[in-house]
Amino acid sequence: MSRKIIPFVVAFVLVCLVMAVSGVFAFSGTVSAEKFGADVAWSQPYNAPESMKIIDLTGDGKDDLFLQTTDNVSIWDENGNSLFNFGYAASKTTLGDVSGDGVEDIVVYYNGQGMSVDIIDKGQQKTIVTSLNIGAPSRVAIIRFASGPQIILGDNGGNLLSISLDGEPLWDMSIGNAEIRGLDDARINGQIHLAAASYSGVVAVIDSNGNPVWQYSQETLRRMRAFDLNADGNSEIITGGEYGALNVLSAVNGNILFSKTIGQAVSEVREVELNGDPSSREFVVGGKEGGVWAYSFNGSTASQMWSGSLSDKVNEIAGIDVNEDGKEEAVIGDDSGNVAVFTESGIRNNLPKRPGGITRIDVGRLGNERFVVVADLYSVEANKMKFSSIPGFQYAPLLVGVIVSGVILIIAAILASIPKKPELKVSFQDKSRESLEAERRMLKESIADVERLRKSGEVIGDAYLARLKRLRADLAENEAAFKTQGFPIKVETIQCPNCGGTLELGMDKCEYCGQVLLS
């Protein structure tokens with residue numbers, strides 16, 4: 001291959017690699033000039049709410065802010081002013097329309113006259129049952145079975161108790177001997193069942209009569225969520241363990257669809273529609289040491305999309321479409337007060353840090369504005385999200401790739417244009433007499449060597465003729481140099497060992513007697 005072509009071949013290969021890498025960065029969304037921020041609309045003191053939701057609880061058609069701690073249940077208006085405030089002991093809550101008026105009610109499971117349940121309907125408090133045969137509150141949920149809604153209570157000893165909306169006990173059972181860590185509705189062939197899990201590691205799907213459809217045991221369990229990730233009428237149950245086990249189970253039979261160990265305790269799991277494609281569903285997992293992972297479920301199993309991190313235990317994950325592009329961003333808060341927005345590709349944007357650990361995050365409309373409400377150990381803050389971007393910046397890697405490719409081609413052209421280095425050869429005419437005589441002797445000896453090799457059969461044919469021709473030419477140049485510089489040519493001779501005849505140095509056979517000379 002021509003030395004002028006080789007640089008361009010190498011350049012072509014490098015250009016292909018550069019443009020391939022540039023294309024990956026440009027079209028994967030890894031590079032962007034997007035920036036998320038937040039302006040504080042209002043902030044109110046409220047200590048460590050463990051439940052928070054933007055929802056209409058008063059029936060006026062406007063969303064309110066629901067807040068609950070272990071000893072308080074509050075409803076705030078759009079500006080953070082208290083509308084209703086109720087004191088409780090060791091309370092757990094859930095939301096659902098119990099009265100049937102189309103407005104969500106608050107169901108409170110608490111320690112009152114024994115274990116009791118209240119319903120708060122548009123700010124009106126009503127006790128429906130007391131002295132229940134169940135332990136201290138851990139979870140409560142409204143499950144709308146096909147046969148009718150039930151209120152499910154879970155205590156700190158792994159016990160479940162179902163009551164009607166009027167407070168009548170219906171059935172009870174136990175799943176393990178540690179606190180209930182999850183209650184959720186799970187669909188099987190479109191019919192709603194109860195999914196329940198305890199810290200003992202027991203996960204069960206239960207029908208409306210309290211009969212387990214199936215039961216599964218895993219390592220000590222911290223989180224359980226149920227989502228219909230592929231919209232086929234059957235839910236998938238996501239569990240997270242104390243030692244990092246992350247499982248996706250089929251609600252139909254408990255079969256494991258996906259299993260992975262993330263290397264730290266799972267502290268939170270939420271569904272977030274990251275890519276805006278309804279044919280696949282995404283969920284985000286947070287770890288006790290600050291790890292964050294996003295997974296996509298394709299209908300049969302899950303695959304990791306990206307991973308990131310915060311500086312402390314992930315306490316809360318919420319999805320919000322900040323830039324209204326049909327894709328949700330994951331808003332995540334940790335135990336050190338950090339709040340960050342993660343995009344579809346895992347790019348992190350930090351929001352202002354809070355003074356205490358984040359306990360809850362929710363997204364919704366308060367008044368005429370859409371807010372991200374963040375609660376920490378000391379206060380609740382409503383934030384107006386901001387988004388800015390530079391159009392087309394994601395294609396910047398392609399421009400960089402073109403520039404780098406151009407530089408590579410220029411370098412190749414320069415290398416190809418460099419003339420071949422001339423062969424270094426010292427002319428006989430530039431040498432001294434002593435040097436010419438030494439070379440003459442060497443050439444004659446070389447000619448004699450070639451003749452001997454020919455006779456022995458080691459050099460034959462074209463190789464012999466080419467070598468001899470080159471040596472004869474060099475000898476002729478040597479003699480011409482002698483004449484040009486006016487040096488007399490001294491013929492060096494030897495004596496034939498057989499007949500004593502005088503022979504010129506370099507001959508391999510005596511021309512008088514035919515004796516072969518070994519020189």
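Results, tabulated for the structure shown:
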{"quantity": "No Cys partner within the rule (Cβ under 4.7 Å), the chain", "calculated": "16"}
{"quantity": "Value of Rg/Rh across the chain [Cα atoms, Kirkwood radius]", "calculated": "1.48"}
{"quantity": "Principal axis dimensions, largest first and in whole angstrom, of the stretch 52-91 by Cα", "calculated": "31, 15, 14"}
{"quantity": "Förster radius 45 Å - calculated FRET efficiency between residue 345 and residue 219, Cβ distance, rounded to 0.05", "calculated": "0.90"}
{"quantity": "Kirkwood Rh (inverse of mean 1/r, distinct Cα pairs), the stretch 282-420, angstrom", "calculated": "17.8"}
{"quantity": "Computed [θ] at 222 nm, helices only, for the chain once each DSSP H run of length n ≥ 4 contributes -39500 (n - 2.57)", "calculated": "-6500 deg cm²/dmol"}
{"quantity": "Extension reserve of the residue 172-residue 411 stretch, reckoned as 0.36 nm per residue once the Cα distance is removed", "calculated": "78.1 nm"}
{"quantity": "Cross-link pairs 260/288; 431/483; 62/327; 92/260; 53/92; 53/353 - those with Cα-Cα distance over 23 Å", "calculated": "62/327; 92/260"}
{"quantity": "Estimated inter-spin distance, residue 384 and residue 40, nm [label 7 Å along Cα→Cβ]", "calculated": "1.5"}
{"quantity": "Cα-based helix-to-principal-axis angle, 396-417 vs the chain, degrees rounded to 10", "calculated": "0"}
{"quantity": "Once the Cα gyration tensor of the stretch 433-504 is diagonalised, semi-axes √(5λ) in Å", "calculated": "24, 19, 8"}
{"quantity": "FRET efficiency, residue 277 to residue 253 (Cβ-Cβ, R0 30 Å, nearest 0.05)", "calculated": "0.65"}
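Any read-out appearing in this document is the output of simple, stated calculations on the displayed coordinates, not a laboratory observation. Owing to the predicted nature of the structure, the values given are computational and were not obtained by experimental measurement. Reconstructed Cβ throughout: ideal geometry from the backbone, glycine too, with neighbour counts over all protein chains shown.
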